[in-house]
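The block underneath contains the structure these notes are about, expressed in structure tokens.
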Ligand SMILES: Cc1cc2nc3c(=O)[nH]c(=O)nc-3n(C[C@H](O)[C@H](O)[C@H](O)COP(=O)(O)OP(=O)(O)OC[C@H]3O[C@@H](n4cnc5c(N)ncnc54)[C@H](O)[C@@H]3O)c2cc1C
């Protein structure tokens, strides 16, 4: 049986990884040149505890379950998670009422160990918090991760278990026989299939329309962010939310897995023809700074190293839309995956494969005997004890040549990223954290380009930043 997953964000990647446990011909088609580059790379990176989703919503069904699945998943796929816990801050009695509502909702949603803490505990745990804070809803199961690394790890593991990843090809049409899809057409090829999973993110409604399947209309809700560089002696240890509004969870202060501080996001609705509009705006970034500074007044904006934005796939019902199409019976929609889609993704993946494909559609899938659930991350030499690093350098001198000084990434790690599929500067960046630090590639990108050129055996003028047309140099470069 041939199964095709459209879209290699965190949702499609984890569905593919789940499917790769079974004996079938599995393909993942992704329009970008790498995996995890849409909403998956531009979000708050929080593993939400699950108190925020209305009971009985599809979101609530998958959020806290997905959250708990991350512990095992991160061990099997060797990506980082940190169970930092989170606080929702309340500055007055009205906001306290909101915390109590969230606490009650969380308990209905089976979120464990929620508590409301008073000012003294809050300031003791997070000394940088605005001293006017009165209460905080503590959710110890909340955490942080690197969402793109989850997608990379899941696809690497799926491919190691026999899946095929097709990058740089946009799905543009479907061929059908007796209402069922038989072929998928991309700009470059035609692929036969028996079953399609639509995990196309913000474009999933367009893909469903192309297939003649049901869909909910999606429009982008843009969230803008600011990243602050690491600062010795300054630490925010937990995820800090303000009291939520009707529109969003508000502007947060979030520690990143790599030690920076992430501030954002805004929530601005855009029209449905702006699904590529990931620009940042002066007003948006000012709002982020104002709101974040209210929560943590000691934030130092001279340490801004990056701004970016991500697009939530918003739908009128504000909930995930997951299920098999009635009109196209071999087409499964996994769309409207707004927050907490990252958190919910492992539980959604399991549901799609076990409940929809096997139970509802009655596909008899047989488990592979030799399925290997493990994948190892690229070794970060600078994190090794000095003796082990020295030993690694003795074996491979490239493990001793630092290329990215901000995040201490060596040539050996960049070569390994290329061996694992990085073909662009961003491919290297998201696999190794090179260019992610203070200089944002100002110093190291040219060295990385030289390594890409050497390893791929191509001229530098053919190298790209990320997308098909993001050329870096226009013609042959003198070296
Ligand atoms: C601002 C913001 C903050 C968020 N914060 C959090 C958070 O803290 N915690 C949390 O749990 N969730 C959060 N989310 C939600 C989370 O980011 C998403 O739910 C998740 O990333 C969705 O993953 P996905 O795979 O469905 O979509 P995407 O990551 O968008 O992936 C879809 C993929 O499909 C591909 N594609 C689309 N059309 C085609 C086509 N025609 N052919 C081939 N490929 C195609 C795209 O290129 C893309 O790679 C946030 C989202 C945003 C935007």
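With coordinates expressed along the principal axes, the C-alpha atoms belonging to segment 43-197 extend over 63, 34, 25 Å, beginning with the largest. Kirkwood hydrodynamic radius computed over segment 223-296 comes to 13.2 Å, based on all pairs of distinct alpha carbons. Once C-alpha pairs closer than 8 Å and six or more residues apart are averaged by separation and normalised to the residue number of segment 253-358, the relative contact order reads 18 percent.
With the convex hull constructed from alpha-carbon coordinates only, segment 148-196 shows a mean projected area of 4.2 nm² over all directions. Averaged over residues, the count of other Cβ atoms within 10 Å places the peptides 456-462, 417-423 in the sequence 417-423, 456-462, highest first.
Suppose each label sits 7 Å from its Cα in the direction of the beta carbon; what would the residue 258-residue 354 distance come out to in nanometres? Using points 7 Å along Cα→Cβ, the separation is 3.5 nm. Here segment 393-437 and segment 347-376 have alpha carbon centers that stand 34 Å from each other. Over the chain, all Cα pairs binned in 10 Å intervals from 0 give whole-percent P(r) values of 4, 19, 30, 27, 15, 5, 0, listed from short to long. Fewest neighbouring Cβ atoms within 10 Å first, the residues 376, 248, 339 line up as 376, 248, 339.
Quick one: grab the alpha carbon gyration tensor of segment 432-479, order the square roots of its eigenvalues as a ≥ b ≥ c, and give me rounded if a/c is under 1.5, else prolate or oblate depending on whether a/b is larger than b/c. Prolate, since a/c reaches 1.5 and a/b exceeds b/c. The mean sequence separation of alpha-carbon pairs under 8 Å and at least six residues apart, normalised by the residue count of the chain, gives a relative contact order of 19 percent. Taking the convex hull of the alpha carbon atoms in segment 13-100, what volume per residue do you get, in Å³? Output value, Cα hull per residue: 152 Å³. Extent of segment 383-462 along its three principal axes (Cα atoms, max minus min coordinate, largest first): 39, 28, 18 Å.
Evaluated on segment 107-227, the Kirkwood hydrodynamic radius is 19.5 Å, with distances taken between all distinct Cα atoms.
Only the coordinates and a few stated rules stand behind these numbers; no lab work does. Everything numeric in this text was worked out from a predicted model, so none of it was measured. Counting neighbours? That spans all protein chains shown, and the Cβs are built from the backbone with ideal geometry, glycine included.
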